[in-house]
């Protein structure tokens with residue numbers, strides 16, 4: 001049974017709660033590595049002064065030293081370290097690799113039993129660590145030996161949680177095979193192993209490939225631990241990959257070498273004239289003062305500084321996920337090293353994996369950070385859905401307006417929008433040309449169409465990305481005539497290249513474009529229903545919905561559509577932050593009548609029906625069926641086992657996650673029977 005639940009998401013990153021015998025943990029989290037005999041900073045201090053929630057120590061080291069072993073067996077590993085928080089123990093795999101110990105040095109089953117005896121909250125199997133310098137044949141042999149050990153170890157865990165490490169070196173096919181086989185075994189945590197040498201060599205792109213290859217096949221309801229990821233400059237990107245647990249001995253090792261950690265990189269203390277940090281250590285001393293200290297005192301303060309920086313970055317990562325800003329944080333950190341930036345682009349190129357995990361309609365603004373912004377999964381998904389689901393496919397006049405989208409379109413082009421409201425879609429389509437693609441006027445308020453901030457000095461790659469997406473849109477619709485309104489914006493530069501796809505008339509004045517639109521005035525035009533039908537198609541892929549007699553109410557303050565009512569009952573409201581529709585219970589019935597896809601139906605076990613009907617959230621453990629194409633953030637119908645509507649709400653998880661998790665909320669119920 002899983003002991004993990006998700007509270008918030010961005011890309012593959014999760015804010016989670018991991019329940020253990022010694023307390024609930026907020027993830028992502030960092031575990032300092034504690035040596036039982038030579039920790040200069042006590043575990044108690046690490047909790048009280050720095051705020052760490054959990055530690056990792058080495059069961060092989062404890063077992064190999066009589067004084068540690070005796071106390072651990074008598075008082076448990078918590079007594080040995082003198083704390084009452086969750087503790088994870090490693091098995092000695094890295095020591096076997098680092099010290100080139102003989103294979104018989106550690107018995108795989110004995111070390112599992114020892115970890116149980118000393119009361120580890122999370123133990124670890126004895127896997128086989130592959131040096132990146134060895135060939136693929138050796139890595140495959142090591143991976144298969146790790147699998148064999150995993151299979152004989154997993155049933156020995158008892159009440160202890162057990163971590164089953166995924167190996168496979170830098171070879172994605174081996175990582176995938178390892179993850180597929182490990183996923184068949186009931187491990188409680190899935191570490192990604194063998195990355196320490198890659199971290200040391202700044203091979204971040206290889207870490208990204210290895211982690212994503214594994215993540216595709218690991219059960220989503222178990223935490224993923226990136227073994228040996230201890231530098232704060234990589235935490236944001238590692239969290240984006242879907243890693244929940246990190247560990248670090250680097251804070252101490254770097255201090256021993258006189259190295260000063262920041263979330264932007266590492267510096268040699270001797271090269272610093274100032275301490276560019278606000279932590280308690282750096283606030284009370286100077287670079288000169290640290291350099292003049294005795295070695296032991298200097299190491300102690302450097303360790304503390306490194307810990308302050310590390311724990312602060314983990315907190316920053318968690319907050320960024322809550323705010324939907326982790327990708328921007330990772331992009332900022334990637335500027336600290338070219339290899340980090342390369343790794344970020346490698347990550348973003350795995351769109352299919354990211355899109356499945358990413359929630360729809362996060363509603364946070366998207367700030368341009370560089371060429372990677374146009375690969376943002378929300379922007380790509382919006383554009384793909386526009387091209388695939390835009391309702392209106394044929395028109396007489398297509399009006400294209402280049403714009404960066406930094407302001408509401410009505411504020412920038414009120415005359416054009418007032419004019420197009422007087423036309424029907426078969427007569428005029430108005431679309432804005434942005435760096436992330438086309439924004440049809442009907443979808444102007446849909447996230448993230450108006451939540452993107454791009455600079456006026458736009459890079460060539462971003463412009464070319466916009467060109468590619470606009471071109472695909474033009475090829476997806478039919479029009480008799482197209483006009484282009486020239487504007488002083490970087491996107492104006494693509495109009496000549498678009499001539500390869502269509503003949504476009506250039507107009508310099510907004511008034512001329514307005515006149516061209518007004519030449520198609522149609523007295524039967526109903527711009528509100530035109531927008532609503534476009535939303536139904538975009539959101540639920542429903543082509544035609546009967547809205548005869550519907551009353552559309554606008555917000556007095558913003559002029560946006562506020563809700564739709566029928567027979568004096570509200571059937572849909574528009575969520576201001578996302579621009580999407582949220583059905584009431586009656587609206588849910590209307591969607592059913594119009595054949596809403598099974599993608600947007602979540603089937604509950606009958607035991608949960610009374611609770612949902614009372615307005616309570618639909619819990620994951622009671623989900624009986626959910627479509628794999630359902631995404632977190634979608635507005636869905638909650639059904640009973642006989643396909644009867646019992647509620648409507650917003651999905652907190654995607655379809656696969658709803659079926660995998662036994663903890664947490666699958667759908668937050670908005671309205672019930």
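The values are calculated or read from the model by the stated rules, or taken from the named source; none is laboratory data. What you see is a predicted model; the values in this text were computed from it and never measured. Methodologically, a virtual Cβ is constructed for each residue, glycine included, from the backbone with ideal geometry; neighbour enumeration extends over all protein chains shown.
See the values below:
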{"item": "Subset of region 113-150 [within 16 Å of residue 93 (Cβ to Cβ) and in contact with a strand residue (DSSP E or B) (Cβ under 6 Å, 6 or more places away or on another chain)]", "result": "115, 120, 122, 123, 124"}
{"item": "Residue match in region 604-624 (condition: surrounded by fewer than 23 Cβ atoms within 10 Å (Cβ to Cβ), under 30 Å from residue 559 (Cβ atoms) and touching a residue at least 40 places away in the same chain (Cβ under 8 Å))", "result": "no"}
{"item": "Residue list for region 503-513, restricted to those being in contact (Cβ under 8 Å) with a residue 60 or more places away in the chain and either surrounded by 12 or more Cβ atoms within 10 Å (Cβ to Cβ) or part of a loop (DSSP other than H, G, I, E, B) (or both)", "result": "504, 510, 513"}
{"item": "Of all residues making up region 234-258, the number that are surrounded by fewer than 17 Cβ atoms within 10 Å (Cβ to Cβ) and not in a loop (DSSP other than H, G, I, E, B)", "result": "2"}
{"item": "Answer from 182, 199 - the residue that is in the same structural domain as residue 316 (by TED's automatic domain parsing), within 26 Å of residue 159 (Cβ to Cβ), in a helix (DSSP H, G or I) and touching a residue at least 12 places away in the same chain (Cβ under 8 Å)", "result": "182"}
{"item": "Count - residues of region 159-175 that are touching a residue at least 40 places away in the same chain (Cβ under 8 Å) and crowded, with 19+ Cβ neighbours inside 10 Å", "result": "10"}
{"item": "Candidates 214, 210 - the one that is in the same structural domain as residue 328 (by TED's automatic domain parsing), buried (at least 24 other Cβ atoms within 10 Å of the Cβ), more than 27 Å from residue 19 (Cβ to Cβ) and without any contact (Cβ under 8 Å) to a residue 60 or more places away in the chain", "result": "210"}
{"item": "Whichever residue in region 632-664 is closer than 21 Å to residue 382 by Cβ and out of contact with any strand residue (DSSP E or B) (no Cβ under 7 Å at 6 or more places or on another chain) and, among such residues, is surrounded by the most Cβ atoms within 10 Å (Cβ to Cβ)", "result": "654"}
{"item": "Members of region 67-81 found to be loosely packed, with under 14 Cβ neighbours inside 10 Å and modelled with pLDDT of 95 or more, listed by number", "result": "70, 74"}
{"item": "Region 58-106: number of residues that are within 19 Å of residue 163 (Cα to Cα) and either free of Cβ contacts under 8 Å to residues at least 12 places away in the same chain or in a strand (DSSP E or B) (or both)", "result": "5"}
{"item": "Entirely in region 514-617, the helices (runs of 4 or more DSSP H) that have 2 or more residues that are farther than 27 Å from residue 667 by Cβ and either in contact with a strand residue (DSSP E or B) (Cβ under 6 Å, 6 or more places away or on another chain) or not assigned by TED's automatic domain parsing to the domain that holds residue 653 (or both)", "result": "527-540"}
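Residues are listed down the side, and each one gets a yes or a no for (1) out of contact with any strand residue (DSSP E or B) (no Cβ under 7 Å at 6 or more places or on another chain); (2) assigned by TED's automatic domain parsing to the domain that holds residue 242; (3) buried (at least 20 other Cβ atoms within 10 Å of the Cβ); (4) at pLDDT 95 or above:
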| site | (1), (2), (3), (4) |
| --- | --- |
| 14 | no, yes, yes, yes |
| 19 | yes, yes, no, yes |
| 23 | yes, yes, no, yes |
| 26 | no, yes, no, yes |
| 37 | yes, yes, no, no |
| 40 | yes, yes, no, no |
| 46 | no, yes, yes, yes |
| 50 | yes, yes, no, yes |
| 54 | no, yes, yes, yes |
